[in-house]
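The values are calculated or read from the model by the stated rules, or taken from the named source; none is laboratory data. Just so we're clear, the structure is a prediction, and the values are computed from it rather than from any experiment. Here the Cβ positions follow ideal geometry from the backbone for every residue, glycine too, while neighbour counts run over all protein chains shown. Calculation scope for accessible area: heavy atoms of the full protein, side chains included, ligands and nucleic acids excluded. Shrake-Rupley method; radii C 1.70, N 1.55, O 1.52, S 1.80 Å.
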Amino acid sequence: MGEGLKLPVINGMGKTNRIDNWISQPLAMGLALIAAMIYTTWRLFFYANSISYSLEGSTVTSPIFSPNILEWNLFNLNQWNHPDWVNAAILILWVPFGFRGTCYYMRRVYYRSFFQSPTACWVDEPQINKSIGYHGEKRLFILNNLHRYFLYAAMIILVIKWWDVTHTLKFDTGWGFSIGTFVMLIEAFLLTMYVTSCHALRHLSGGILDRWTKGVSALRGTLFKKLSVLNRSHGFWFWTSLAFVFIGDLWTLAVAERYIDDVAIILVGS
Ligand code: FES
């Protein structure tokens with residue numbers, strides 16, 4: 001009794017007995033996140049006039065720049081003599097960055113891909129990780145505890161995303177849809193799945209309670225079980241919703257710069 005089972009882990013960063021391709025997933029995820037950060041940074045400062053396009057009276061907005069709070073002129077923002085490089089994304093991106101950056105799934109990804117802590121199960125980590133050790137979510141990582149509040153902000157953004165979809169349905173000559181409608185619809189759907197599969201939302205819905213008996217607590221228990229089903233695929237929704245932000249932006253950019261054309265299909269004339 002009391003003697004632990006010693007696993008045959010080989011000492012040395014990246015050393016392992018595993019014979020499968022264990023490095024491919026953390027490597028691909030790390031590269032994808034780096035590409036996402038580079039693209040977003042580039043997009044914030046280039047093609048500033050192509051963050052949305054109008055099609056016969058309807059408006060399609062790039063997911064990176066939606067919601068376009070400068071367009072709303074909230075708190076007289078447009079009266080504010082801001083520099084030319086300040087755009088909607090620069091003002092609003094702290095919400096998706098904060099939400100994704102503190103996501104429980106995202107923590108797993110960056111601990112594996114960037115910190116090698118560890119890169120994969122049964123793979124040894126760098127000596128520096130062993131010297132520092134794991135002290136919980138402290139110092140800069142204490143910000144991870146804000147995830148619940150970023151969730152609230154993301155839910156507001158999500159409602160606006162769906163509202164933005166409706167802006168693609170009204171044309172000068174009636175109601176219908178365009179390819180841009182589907183681009184924004186798919187983006188709003190994927191983001192909805194990402195938000196509703198969130199661990200924190202699941203906890204708030206019913207996980208926080210000791211028991212689900214009757215009345216509201218029973219309802220919250222049912223909701224918890226339903227969200228738990230979605231939660232199993234949280235990683236899938238993380239990546240698909242992230243990828244579609246960039247697909248949607250590339251579509252908007254290509255149409256706004258007139259590389260390709262969108263088409264309006266009018267279903268009900270006005
Ligand atoms: Fe991933 Fe909340 S845990 S978004």
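Pairs of Cα atoms nearer than 8 Å and 6+ residues apart set the relative contact order; for the chain it is 26 percent. In the calculated pair-distance distribution of segment 138-270, the portion above 23 angstrom amounts to 50 percent of the Cα-Cα pairs. Each of 185, 250, 227 has its accessible area taken with a 1.4 Å probe; listed largest first, they run 250, 185, 227. For the chain, the fraction of 1.4 Å probe accessible surface lying on carbon and sulfur atoms is 66 percent. Listed values for segment 42-57 are Karplus-derived 3J(HN,Hα) couplings in whole Hz (6.51 cos²θ - 1.76 cosθ + 1.60, θ = phi - 60°), namely 4, 5, 4, 10, 10, 6, 4, 8, 10, 8, 7, 9, 9, 10, 6, x, and x replaces Gly and Pro.
Sorting 150-159, 61-70 by average packing, meaning the other beta carbons within 10 Å per residue, from highest down gives 61-70, 150-159. Approximating the spin labels as points 7 Å out from Cα along Cα→Cβ, the residue 42-to-residue 97 distance works out to 1.8 nm. Considering only 56, 257, 137, the Gaussian network model of the chain with Cα springs below 10 Å gives its largest mean-square fluctuation to 137.
Placing unit charges on C-beta atoms (Lys and Arg positive, Asp and Glu negative, everything else neutral), compute the dipole magnitude of the chain about its Cα centre in debye, rounded to 20.
Details: 22 positive and 16 negative charges, 297 e Å.
Rounded to the nearest 20 debye, it is 1420 debye.
If r is the Cβ-Cβ distance from residue 265 to residue 162 and R0 is 25 Å, what FRET efficiency results, to the nearest 0.05? In this case the efficiency is close to 0.75. A 1.4 Å probe over all protein chains sorts 52, 58 by accessible area into 52, 58, starting with the largest. Positive end of the dipole of segment 86-193 (Cβ unit charges, origin at the Cα centre): among 131, 121, 182, the Cα lying farthest that way belongs to 131.
Residues whose amide H falls under 5 Å from that of residue 52, counting only those 5 or more places apart or on a different chain, are 62, with hydrogens built in the peptide plane. Couplings 3J(HN,Hα) for segment 265-270, derived from phi with the Karplus relation 6.51 cos²θ - 1.76 cosθ + 1.60 (θ = phi - 60°), are 10, 8, 9, 10, x, 10 Hz, where x marks Gly and Pro. Between residue 71 and residue 175, the FRET efficiency estimated from the beta carbon spacing at R0 = 22 angstrom works out to 0.50.
Among 108, 202, 258, the residue with the largest mean-square fluctuation in a Gaussian network model of the chain, with springs joining Cα atoms closer than 10 Å, is 258. Accessible area ranking (1.4 Å probe, heavy atoms, ligands and nucleic acids excluded), largest first, for 85, 22: 85, 22.
Using the beta-carbon distance between residue 121 and residue 258 and R0 = 45 Å, what value does 1/(1 + (r/R0)^6) give for FRET efficiency, to the nearest 0.05?
The formula returns an efficiency of 0.35 here.
For segment 159-270, the solvent-accessible area works out to 55 Å² per residue, with a probe of 1.4 Å and every protein chain left in place. What Kirkwood hydrodynamic radius do you get for the chain when you take the inverse of the mean 1/r over all pairs of distinct Cα atoms, in Å? This gives a value of 21.5 Å.
Amide hydrogen proximity for residue 171: with H placed 1.01 Å from N in the peptide plane, the residues at 5 or more positions away or on another chain lying under 5 Å are 176. Remark: segment 159-270 carries a charge dipole of roughly 940 debye about the Cα centre, counting +1 on each Lys and Arg Cβ and -1 on each Asp and Glu Cβ. Estimated at the nearest 10 Å², the accessible area of residue 37 is 100 Å² with a 1.4 Å probe. Note on the chain: GNM, Cα springs under 10 Å; of 198, 121, 103, the largest mean-square fluctuation is that of 121. For segment 247-270, the residues whose amide N sits under 18 Å from a probe point set 7 Å from the Cα of residue 49 along the beta carbon direction are 252-260.
Remark: segment 181-187, residue by residue, has Karplus-estimated 3J(HN,Hα) of 4, 5, 4, 6, 5, 5, 5 Hz, where x stands for each Gly or Pro and the curve is 6.51 cos²θ - 1.76 cosθ + 1.60 at θ = phi - 60°. In this structure residue 138 has an accessible area near 120 Å², from a 1.4 Å probe over the protein heavy atoms.
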